[in-house]
Amino acid sequence: MKNFYSGSRLLQIAVAFLFAISFHTTASAYQMMSTNFYIVDSKGATLKDGNITIYDNQYNDGIDWNDGTKMNNMGENWGLIRNNVSLVVERRKLVTGPDTAYFNMWGMQLRNYRFEITMENFDSATTAAYVWDDYLKSMTPVSFSKITTINFSVDNNAASKAAKRFKIIYTTPANYAIMYATNKGIKPVTLDGITAGRESNSIKVNWQVDNENIMNNYELQESADGIHFNTIATVNALNTKGNLSYSYTDNAALKTIEYYRIKANGNYGDPLLSDIVKVDAVPGAIETIVNVYPNPVTNKTVKLNWENAATGNWAVSLVMPNGSALPLQTQVINAGRAQTTLALPAGISPGVYSLYMKNATGKSLVKTIIVL
């Protein structure tokens, strides 16, 4: 177990941070949660303490020499605790499922406090987090993109200064939505169904919502392959309790196969996604076709053959194996047949990638390429 000596609180925080990163291998995937703890009075906020957790699969979830024990400050102390060991630095495996970070505080006085939480490299599509206050029985969502601030007070009730009053709970976005709604005394919103059908030269999409009272808006998303989606319209939520029906007409719909889904954005955290609905092509419809040659791709150069394309620009992105996208050169297409050349990044590694192409109307095409 690693121990620290500190002549001041700020030095201990600095040493904790240095200790947290000193053994970390930057080449490996990691996540980080760090907090700063403040005393708040009429003069403002004064930094008092802090702690750090590094999540990386090179570590284990037990207590060992990778973790840093916390030394006492004069007055208030703000640390972490695991297996009854007080820590200033904790190292654990990546958060890929339910997990909890337990804060540990002592030496609290009758006054106001604040702690700030900073998160790095967490994916809001698969993970959600919230702070649970065991004294107030309340939950506060933790942002993965900006600092989360928690203000609290210690009063004459002993529970307000309990050592384990606060913790961060990691869960899935769906479970978080349910827990948030339950904590606030409301039923979670549900997407009951989505349908879509052709109407003349357009496609009308319908969806139903139940228990809508904490929603922001709904994004209508379209796809050419049922995998890669982009938003083509946003509909504001009515936030009227009960069952509601929404619809949107896609006047730029292609005559070929189309896929749609709804992304429901709530005021409680991460979005919900509906099922995917498929709309068949119009019989005899002329489809815009893009062929890649050669494939596998050599010399980091992609040649594209376009068939039945309308005049216009197609924005192109290279989708990496991990799902991230890198913008490439916009392709300028003339009507009918066209041939274009696309240069890939010089340092790209061999592997399987996707080319995601979208025109001005929001319609998309996807091609899989193999880079040698």
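The values are calculated or read from the model by the stated rules, or taken from the named source; none is laboratory data. Given the structure is predicted, the values throughout are model-derived calculations rather than measurements. No Cβ is skipped: glycine too gets one built from the backbone with ideal geometry, and neighbour counts run over all protein chains shown.
Going through the stretch 40-65 one residue at a time, which ones are part of a loop (DSSP other than H, G, I, E, B) and in contact (Cβ under 8 Å) with a residue 60 or more places away in the chain?
If the condition is that a residue be part of a loop (DSSP other than H, G, I, E, B) and in contact (Cβ under 8 Å) with a residue 60 or more places away in the chain, then Ile63, Asp64, Trp65 are the ones that fit.
For Val316, only one of the following conditions fails: (1) on the phi > 0 side of the Ramachandran plot; (2) surrounded by 12 or more Cβ atoms within 10 Å (Cβ to Cβ). What is its number?
For Val316, the exception is condition (1).
Restricting the search to the stretch 18-30, which residues are surrounded by 15 or more Cβ atoms within 10 Å (Cβ to Cβ) and either modelled with pLDDT of 95 or more or part of a loop (DSSP other than H, G, I, E, B) (or both)?
Phe23, His24, Tyr30
Farther than 17 Å from Asp99 by Cα and surrounded by 12 or more Cβ atoms within 10 Å (Cβ to Cβ): which single residue out of Thr171, Thr149, Thr140 fits that description?
Of the residues listed, the single one that is farther than 17 Å from Asp99 by Cα and surrounded by 12 or more Cβ atoms within 10 Å (Cβ to Cβ) is Thr149.
Just give me the residues in the stretch 151-173 being among the hydrophobic types (A, V, I, L, M, F, W, C) and in a loop (DSSP other than H, G, I, E, B), in sequence order.
Val154, Ala162, Ala163
Do the conditions hold for Leu238, that is, is it more than 20 Å from Ala325 (Cα to Cα) and surrounded by 15 or more Cβ atoms within 10 Å (Cβ to Cβ)?
So Leu238 does not fit the description; no.
Give the residue that is surrounded by the fewest Cβ atoms within 10 Å (Cβ to Cβ), with candidates limited to residues of the stretch 120-137 that are over 13 Å from the mean Cα position of the chain (by Cα) and among the aliphatic types (A, V, I, L, M).
Leu136
Give the residues of the stretch 188-215 that are surrounded by 15 or more Cβ atoms within 10 Å (Cβ to Cβ) and over 16 Å from Asp275 (Cβ atoms), sorted by residue number.
Matches in the stretch 188-215: Pro188, Arg198, Ile203, Lys204, Asn211, Glu212, Asn213, Ile214, Met215.
Report yes if Lys263 is of a type in the set (Lys, Arg), in a loop (DSSP other than H, G, I, E, B) and either under 30 Å from Leu344 (Cα atoms) or not assigned by TED's automatic domain parsing to the domain that holds Leu355 (or both), otherwise no.
For Lys263, the condition - of a type in the set (Lys, Arg), in a loop (DSSP other than H, G, I, E, B) and either under 30 Å from Leu344 (Cα atoms) or not assigned by TED's automatic domain parsing to the domain that holds Leu355 (or both) - is not met.
Out of Thr231, Thr249, Thr190, Thr195, report the one residue that is farther than 26 Å from Ser364 by Cβ and in contact with a strand residue (DSSP E or B) (Cβ under 7 Å, 6 or more places away or on another chain).
Matching residue, one of Thr231, Thr249, Thr190, Thr195: Thr190.
Filtering the stretch 327-351 down to residues that are without any contact (Cβ under 8 Å) to a residue 40 or more places away in the chain and over 23 Å from Thr288 (Cβ atoms), which residue is surrounded by the fewest Cβ atoms within 10 Å (Cβ to Cβ)?
Gly347
Against the definition (surrounded by 12 or more Cβ atoms within 10 Å (Cβ to Cβ), under 30 Å from Ala174 (Cβ atoms) and in the same structural domain as Asn201 (by TED's automatic domain parsing)), how does Leu272 come out, yes or no?
yes
Residue check: is Val15 of a type in the set (A, V, I, L, M) and modelled with pLDDT of 75 or more?
Spelling it out, it is not the case that Val15 is of a type in the set (A, V, I, L, M) and modelled with pLDDT of 75 or more.
Per-residue answers, yes or no, for (1) acidic (Asp, Glu); (2) touching a strand residue (DSSP E or B) at 6+ places or on another chain (Cβ under 7 Å); (3) closer than 26 Å to Gly44 by Cβ:
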| site | (1), (2), (3) |
| --- | --- |
| Thr69 | no, yes, no |
| Gly79 | no, yes, yes |
| Leu87 | no, yes, no |
| Met119 | no, yes, yes |
| Thr126 | no, no, no |
| Tyr130 | no, yes, no |
| Ile147 | no, yes, yes |
| Phe166 | no, yes, yes |
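Select from the stretch 52-78 the residues that are acidic (Asp, Glu) and on the phi > 0 side of the Ramachandran plot and list them in ascending order.
Answer for the stretch 52-78, where residues must be acidic (Asp, Glu) and on the phi > 0 side of the Ramachandran plot: there is none.
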